[in-house]
1. For the stretch A:80-88, what does the Karplus curve 6.51 cos²θ - 1.76 cosθ + 1.60, with θ = phi - 60°, yield as ³J(HN,Hα) per residue in whole Hz, taken in order and with x for Gly and Pro?
2. Excluding ligands, DNA and RNA, what is the solvent-accessible area per residue of the stretch A:2-197 at a probe of 1.4 Å, expressed in Å²?
3. Can you grab the distance from the C-alpha centre of the stretch A:48-66 to the C-alpha centre of the stretch A:1-43, Å, no decimals?
4. Residue A:51's amide H: which non-local residues (gap 5+, or another chain) put their own amide H closer than 5 Å, with H modeled 1.01 Å from N in plane and none for Pro or chain starts?
5. Each residue of the stretch A:182-187 in order: what ³J(HN,Hα) in whole Hz does its phi give by Karplus 6.51 cos²θ - 1.76 cosθ + 1.60, θ = phi - 60°, with x for Gly and Pro?
6. Scan around residue A:79 for amide H atoms under 5 Å from its own, H built in the peptide plane at 1.01 Å from N, and keep only partners 5 or more places away or cross-chain.
7. For the stretch A:114-200, what ratio Rg/Rh do Cα atoms give with a Kirkwood hydrodynamic radius?
8. Just list whichever of A:150/A:188; A:13/A:46; A:75/A:150; A:120/A:150 have alpha carbons separated by over 30 Å in the model shown.
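The values are calculated or read from the model by the stated rules, or taken from the named source; none is laboratory data. Predicted, not measured: the structure shown is a model, and the values here were computed from it. All accessible areas refer to the heavy atoms of the entire protein, side chains included, with ligands and DNA or RNA removed. Shrake-Rupley method; radii C 1.70, N 1.55, O 1.52, S 1.80 Å.
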Amino acid sequence: MARLLLRDFDIRKAYLDGHAQAQLVDMLRPILKSAPLFRPTTASGKEMSVRMTSAGSLGWVSDKAGYRYQDLHPKGMSWPAIPDPILDIWRDLASSERDPDCCLINYYGEGTRMGLHQDKDEADFSWPVLSVSLGDDALFRIGNTTRGGKTESIWLNSGDVVIMGGPARLAYHGIDRIRFSSSRLLPKGGRINLTLRVAR
DNA sequence: TAGTAGCT
DNA sequence: GAGC
């Protein structure tokens, strides 16, 4: 496992081996079944290209009312629990003091992008944000803590983990594009990103 | 003013 | 990739 720092983003290349990746995908199947992926919109009503759901006591949602964490899926069901193997990654790399209360599950299909944004809907920014890449390669772009200025990009591969803490916690970041079908982890192709956060 | 987790 |  290689570790690299890019603008204070702590990137663990190949943190998860193939077996661990496949195990996580297996654990996500029942979660996606009981809390189906949905396509959120921004506050201005524009659809995001990513599809998402969550696990944990809270889920991140967005619609015309804006970005927020809530305790129910938009269709009314509770969010499933975060599987232990996912919590283990957090405990190893982010914090052994407190578990995350949200695991956002983002699915990137062909053509999905995620514009530059900050993760700032949480109550306490002293907790890091941890992100796990599964499936297709993704071009990750890192900016600054305010909009504008130079950015840097890096390809994330299946099994990579990114930790955004300290100066990186409120940095703008996004996904410019994925290389659809570059990985065989997901039978239908695409990329799953797990984002672990302490929301409250 | 938000807008900007999108679109040009 | 910049700018809105």
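1. x, 5, 7, x, 3, x, 6, 4, 4
2. Per residue, the stretch A:2-197 has 47 Å² of solvent-accessible surface.
3. Here the answer is 16 Å between Cα centres.
4. A:107, A:109
5. Residue by residue, the stretch A:182-187 yields 7, 10, 9, 5, 9, x Hz.
6. Under 5 Å from the amide H of residue A:79 lie the amide H atoms of A:73, each far enough along the sequence or on another chain.
7. Rg/Rh: 0.99.
8. A:150/A:188; A:13/A:46; A:75/A:150
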